[in-house]
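This report refers to the structure that appears directly beneath it.
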Amino acid sequence: MKRLLPAFLFLGLFFFLPLARILALGLNPGQFGLLGGAVWLRLLEVLRFTVFQALASTFLTLLLGLPLAFLFAHYTFPLKPLLRTITAIPFMLPTIVVAAGFNALLGPRGWLNLGLTALDLPPIEFIGTLTAILTAHVFYNTGIVIRMVGAAWAALDPRLEQAARSLGAHPVQVFLRITLPLLRPSILAAAALIFLFDFTSYGVILLLGGPRFATLEVEIYLQAMHFLNLPTAAMLALTQLVCTLGLSVLYSRYITRLAVPVKPVERILQAPQTALQRTFVFLAFSFILLFFLLPMLALPLRSVSRLEPARGQRTTIAPALTLEYYQELFINRRGSVFYIPPINAARNSLTYASLTVLISLTLGFPAAMALSRPGKFARLSDPLLMLPLGASAVTLGLGYIVTFNHPLASFLPSALTKLGAFSSLVTDSLLKSPLLIPLAHTTIALPFVIRNLQAALATIPNRYREAAAVLGASPAQVWWYIDRPILSRAVISSSAFAFTVSLGEFGAASLLARPEYPTLPTAIFRFLSQPGGMNYGQAMAMATLLMLLTGLSIWLIERERVTREL
Amino acid sequence: MKQILSFLLALSFLLTACASPTPSMTPAAPTEQPPTPRTLTIMSHDSFAASQEVIAQFEQQNNVKIAFLEAGDTGSALNKAILSKDAPLADLFFGIDNTFLSRALEADIFEPYDSPLLAQIPAEFKLDPQNRALPVDYGDVCINYDKTWFAEKGLSVPTSLDDLLKPEYKGLLVVENPATSSPGLAFLLATIAKYGDPGYLEYWKALRENGVVVVDGWETAYYTNFSASSGKGPQPMVVSYASSPAAEVIFASQPLTEAPTASIFDGCFRQIEFVGILKGTPNRELAEKFVDFMLSLPFQEDVPLQMFVYPVLPTAKLPDEFIKYAQTAPNPASLPAEQIAANREKWIEAWTQVVLR
């Protein structure tokens, strides 16, 4: 109980209170005033598009992901582990990096169009189309299909298929009657997860879809920041919350069904034999390299190429390799997009990420310890602690705006004026400090951190501790010699996770970041929406930086994961 | 439990102590210069510009460092200022125009300031009787076209808003999103002044069918999409300012005797830009000085070549190139301020529905 208190206090103030404010604002029909029925029409329209694009993206992802899952589950081929890693990386990349990558490859100033223009061919229009949105979603989520369905496929007992074949079934029949039904739970679970991610898509839509497309997430942002219509934004946020919670419940149902495999058998992988198999493996191999690697390569390459003049620069320039976009990040020019050296954004992001790690570990550790001891209270509080998973980052950002932009005292009952005066002191100082962003990031990372630590704690058999105690170790010694070594890995991977989340988080930051404290993603967004080669180059340079930092973090997580499995 | 609460309490007091500046008990004597310059922050839109020398002059005279916070196009910058009004991002806000003015006044983000310099400024520019927003410059939002492009294609230049619906001009115009951009909103208001409400929606529907391109801000429209700018974009017509052609002459890489762009005078809208002191600034006295500075001759004469708009001060001398190449629309469209205030959000919402969805 005592150990859960800090986490509950934190979530109470920084998750449930903002949520309550959104509820109050969104459910108050008087607020809509002059817009009236138009709001509902708009809501329906946005909801329709959100569902449509999520369905289409999920379908396309499965269409591409299933053959690749088959590839990884059945064949050995050169560089297989590397290729598997390549397909998994996009999932962890910040949306802003993915958007910048596709922009560098296929955008109006991207490599492909530069090439087409050089050949006097008409440029292709990619940014601002539905194709761009779907492509980015497929890029993001194919890794999920490969991991989830691939694992199930590899564990499938090959004798079932062999038996059907020997009884005269056509391969197509075998696939439809045996393989597909057995794979169905894993496919559905993957599809539900992908649908959930696409449903709450934000950065991709905002950056690649352009002004014509709006999902619920984007519309919340537009209503709040463009139209200054907070009640409508709040109502959209509520709709979003209900949808994501429903989808999460659905997903957790599938995932429990997934836990009962037919009979795990280690399938013997083989190199492709027939010409058909060879062709398939070759095509899939090249596809993975092209589709997953090109956007990630286009980005750093574009960040060191000078190809177009800066905004307002009238002289023609010779294409050349350059480091000036990186150098420019350190210069504070009056009249540039920021009034601080842009590199400060990197410093801010690193500070926020470190703070997020610090706060979420401080709060998460005691909570995980309390939860790992079975008890009624722990059982009851578990879902409460996990609830922030259901809220989107944009909703959180909106909640902070409507909560902390007014002195708290204004909506506390008058009986609590004393508390009100105190809390307005808190919010007032919060608002002027750049702390809101790491607090929002902690809210997002905390459930994961608690889960991860809890899982690690559960792996420590109690009799180790008892044995140590019997042998005369003090409680502190028990913790130092038994718990600490086992937990340290979980702590590193939790930290790396919280760090990565905070580093790439764009939704909450796009609503909360004060212009003098930009984060890497908000700075990239700002640069990308500005004209001229210099701004574009700096966007590319920063996105490359963010990609490298994230890559480092992912590497840490993966390394810890692998060593624990060994 | 008790420990945690008292810890949090102590922490929060510590935070507030750090965050709030301690009020100085005795005002410094006017002759005494503080050793380190204070910083005065001016929040503005992305297109704000002023000469280094002119700003440096103010900085030296007042021992202050001026910081410019460019926070997106006018609409976005203003929204940010409103959303953060309890913890202001800056001391002053420059660039709010007559199309967005009432939003700022309703949100009550400005402190009134009766600058002595207002006396020299014509009454037609002073739209806020309480002087919370003080006029600085004006210009006409008009469609600019790329002369060379039209000459090369042998296409005649459209002369009216109606012409833009003709099939030969399909996909040739780029406009700004009125939700975020003040020239975008000004152009929308021009169409409302011309076609009425709801007639303007019919016009925009037809314009959409004729392939109008929408971007978020003027910077992108002009420097990325417009074919006559350095971006060499795909559209030869852009919603910009009647004074923009002068900029093209002044900044041309080779000397020009004729502007490469010109304006179409149908569908122009007169825009007046204001400055205001943001509520709750700790630097009220300095902020007043800066407002006075913006209304004084050196800054007013700097405005034309920096932001390519006209100074509101009638005695300010215009540069030669400006007189020669910049234009004002003969009779720009206008709408009563009350009508804009009452309908702006509804119009923008309806426009979004028709043009973007």
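The values are calculated or read from the model by the stated rules, or taken from the named source; none is laboratory data. The structure presented is a predicted model; accordingly, all values stated were derived computationally and were not measured. Glycine gets a Cβ as well: all are built from the backbone with ideal geometry, and neighbour counts include every protein chain shown.
State whether one or more residues within the range A:82-89 are more than 23 Å from the chain's Cα centre (by Cα) and of a type in the set (A, V, I, L, M). No, the range A:82-89 contains no residue that is more than 23 Å from the chain's Cα centre (by Cα) and of a type in the set (A, V, I, L, M).
Going through the range A:162-184 one residue at a time, which ones are part of a helix (DSSP H, G or I) and either of a type in the set (A, V, I, L, M, F, W, C) or crowded, with 18+ Cβ neighbours inside 10 Å (or both)?
Result: A:Ala163, A:Ala164, A:Val172, A:Val174, A:Phe175, A:Leu176, A:Ile178, A:Leu180, A:Leu182, A:Leu183.
Looking only at the range B:315-333, residues that are buried (at least 19 other Cβ atoms within 10 Å of the Cβ) and among the polar types (S, T, N, Q) come to 1 in all.
Against the numbered list (1) more than 30 Å from A:Phe527 (Cβ to Cβ); (2) in contact with a Gly (Cβ under 7 Å, 6 or more places away or on another chain), B:Cys268 comes up short only at (2).
Listed by first and then second residue, the pairs linking a residue in the range B:147-165 that is over 20 Å from B:Cys268 (Cβ atoms) to a residue that is exposed (fewer than 14 other Cβ atoms within 10 Å of the Cβ), with Cβ atoms under 8 Å apart and 6 or more places separating them unless they lie on different chains, are B:Leu155/B:Glu168. Given the criteria away from chain B (no Cβ under 14 Å) and among the aromatic types (Phe, Trp, Tyr), does A:Phe213 qualify? No; evaluated as a whole, the condition is false for this residue.
Among the residues of the range B:162-175, is there at least one that is surrounded by fewer than 18 Cβ atoms within 10 Å (Cβ to Cβ) and within 14 Å of chain A (Cβ to nearest Cβ)?
Yes, there is a match, as at least one residue in the range B:162-175 is surrounded by fewer than 18 Cβ atoms within 10 Å (Cβ to Cβ) and within 14 Å of chain A (Cβ to nearest Cβ).
Which one is surrounded by the fewest Cβ atoms within 10 Å (Cβ to Cβ) among residues in the range B:186-225 that are within 13 Å of chain A (Cβ to nearest Cβ), part of a helix (DSSP H, G or I) and out of contact with any Gly (no Cβ under 7 Å at 6 or more places or on another chain)? Looking at residues that are within 13 Å of chain A (Cβ to nearest Cβ), part of a helix (DSSP H, G or I) and out of contact with any Gly (no Cβ under 7 Å at 6 or more places or on another chain), I get B:Arg208. Summed over the range B:66-89, the residues that are within 12 Å of B:Ile42 (Cα to Cα) and not hydrophobic (A, V, I, L, M, F, W, C) give a count of 2. Of the residues making up the range A:45-55, those that are of a type in the set (A, V, I, L, M) and crowded, with 16+ Cβ neighbours inside 10 Å are A:Val46, A:Leu47, A:Val51, A:Ala54. Checking each residue of the range A:455-475 against the condition of being at pLDDT 90 or above, aliphatic (A, V, I, L, M) and within 20 Å of A:Ile359 (Cβ to Cβ) gives no match. Before we move on, is B:Ser84 within 11 Å of chain A (Cβ to nearest Cβ), at negative phi and surrounded by 19 or more Cβ atoms within 10 Å (Cβ to Cβ)? Here the answer is yes, as B:Ser84 does meet what is asked. Residues that are over 16 Å from B:Lys279 (Cβ atoms) and in a strand (DSSP E or B) were ranked within the range B:70-125; the one that is modelled with the lowest pLDDT is B:Glu70. Of A:Ile133, A:Ile146, A:Ile187, which residue is touching a residue at least 60 places away in the same chain (Cβ under 8 Å), in a helix (DSSP H, G or I) and under 30 Å from A:Thr522 (Cα atoms)? Matching residue, one of A:Ile133, A:Ile146, A:Ile187: A:Ile133. Pairs linking a residue in the range B:65-79 that is free of Cβ contacts under 8 Å to residues at least 60 places away in the same chain and at the interface with chain A (Cβ under 7 Å from one of its Cβ atoms) to a residue that is of a type in the set (A, V, I, L, M) and assigned to a loop (DSSP other than H, G, I, E, B), with Cβ atoms under 7 Å and 6 or more positions apart or on different chains, are B:Leu69/B:Leu89; B:Leu69/B:Ala90; B:Glu70/A:Val337; B:Asn79/A:Leu228. The single residue among B:Ala228, B:Ala247, B:Ala252 that is within 14 Å of another protein chain (Cβ to nearest Cβ), under 24 Å from A:Asn535 (Cβ atoms) and outside any loop (DSSP other than H, G, I, E, B) turns out to be B:Ala247.
Search the range B:257-312 for residues being in a helix (DSSP H, G or I) and aromatic (Phe, Trp, Tyr), and hand back the single one that is nearest to the chain's Cα centre (by Cα). Steps first, answer last, please.
Initial filter on the range B:257-312 (in a helix (DSSP H, G or I)): B:284-295, B:297-307.
Going one step further and asking which of them are aromatic (Phe, Trp, Tyr), we end up with B:290, B:293, B:299.
Working: B:Phe290: 18, B:Phe293: 18, B:Phe299: 16 Å.
Selected residue: B:Phe299.
Cβ-Cβ distances below 9 Å connect the following pairs, each with a first residue in the range B:205-220 that is at negative phi, a second residue that is assigned to a loop (DSSP other than H, G, I, E, B) and β-branched (Val, Ile, Thr), and a separation of six or more residues or different chains: B:Asp216/B:Thr180; B:Gly217/B:Thr180.
Of A:Ser510, A:Ser502, all but one fail to be closer than 14 Å to A:His441 by Cα, in a helix (DSSP H, G or I) and within 14 Å of chain B (Cβ to nearest Cβ); the exception is A:Ser510. Residues in the range B:42-66 that are assigned to a strand (DSSP E or B) and surrounded by fewer than 17 Cβ atoms within 10 Å (Cβ to Cβ): 1 in all.
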